[in-house]
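The values are calculated or read from the model by the stated rules, or taken from the named source; none is laboratory data. Just so you know, these numbers come straight off a predicted model, no measurement behind them. Neighbour counts run over all protein chains shown; Cβ positions are idealised from the backbone, glycine included.
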Amino acid sequence: MQKILACIDESTWSTSVQDAAIWAAQQLSNPLTFLHSIEKQHLPNSQDLSGAIGLGARSKLLNEIATLDELRAKVALQLGKELLATAETKALAAGCSQVTTEQRHGEFIDNLLALENTAGLIVMGHSGSKTDKKLSILGTHVESLLRRINTPVLITPHDFTAPQSFMLAYDGRATTEAALEHILTNTLLSGLSCHLVTIKNKHPDQQEKFQAATQRLQDAGFKVTASYLAGNISQQLAAYQQEYGIDLIVMGAFASPRLRQFFLGSNTLKMLENSQIPILVMK
């Protein structure tokens, strides 16, 4: 059985990631693993400064820097262990029966890719410890990250609340068909009401595909609100989400260029920076 892989760090987003991962584990009844990566510190170290200080002070300062480097590594290691222990205790208390932790050195994305084949869902926060309130994951690296990862990704806001509804922006293309199939074949979104929306376009089979998608969701037991929207895609989807109080957005990783622009473009990144709802990226 594939596990849920939750990526936590020292940022204030860590609690949200834990809550989202616990919710997902309860929905799916899958094992849960919390991952903490110890990345290389982007601060001056002994090698950086060895040629920048005078000969007289070099020996003493290099020894002090080496000691500081060692202490910093120990603190990062211990802090990560405590974060993982706290997350594990929280998950077990919430009723998750299969919970493990893993701590790795190296870059976050590299560690994630190394473990991806064991995961059925990856959970991460909008931001991380390096940027805090900025979109470290959803910022400049989002497209390359999602292109490299083939597993569904749940991206959480700063505060996570178990969703009661979700919105799927559907355009009939392969990526949104894959997202639809994923919704229908696992229990992650079971019990949530569905808002299936599409932006009117010139494709002759759009209406037929949209109606078929609506019927498939209804046949699977979802309460579906199907809506045709017209106009600017980003404005219409954002307005719809706010009007109906949508709790979660579901998207195919790389749908039509217009949908990709909405979800991954600069305007959307600005919106997501203050977003209070999670985003589920289906692959």
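Could you tell me which of the residues 154, 135 is in contact with a helix residue (DSSP H, G or I) (Cβ under 7 Å, 6 or more places away or on another chain) and modelled with pLDDT of 70 or more?
Numbers: 135 fails: modelled with pLDDT of 70 or more.
Only one candidate qualifies: 154.
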*Only one residue in 261, 206 is at pLDDT below 95, touching a Gly at 6+ places or on another chain (Cβ under 8 Å) and not acidic (Asp, Glu). Which one?*
206
_Filter result (of a type outside the set (S, T, N, Q) and at pLDDT 90 or above) within the range 160-178_ = 160, 162, 163, 166, 167, 168
*Between a first residue in the range 208-224 that is within 12 Å of residue 198 (Cβ to Cβ) and a second residue that is hydroxyl-bearing (Ser, Thr, Tyr), which pairs have beta carbons less than 6 Å apart while being 6 or more apart in sequence or on different chains?*
210/198; 213/170
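Determine which member of the set 235, 215, 242 is over 30 Å from residue 3 (Cβ atoms), outside the structural domain of residue 7 (by TED's automatic domain parsing), modelled with pLDDT of 95 or more and loosely packed, with under 13 Cβ neighbours inside 10 Å. Break it down stepwise before answering.
Working: 235 fails: modelled with pLDDT of 95 or more; 242 fails: modelled with pLDDT of 95 or more.
Answer to the selection: 215.
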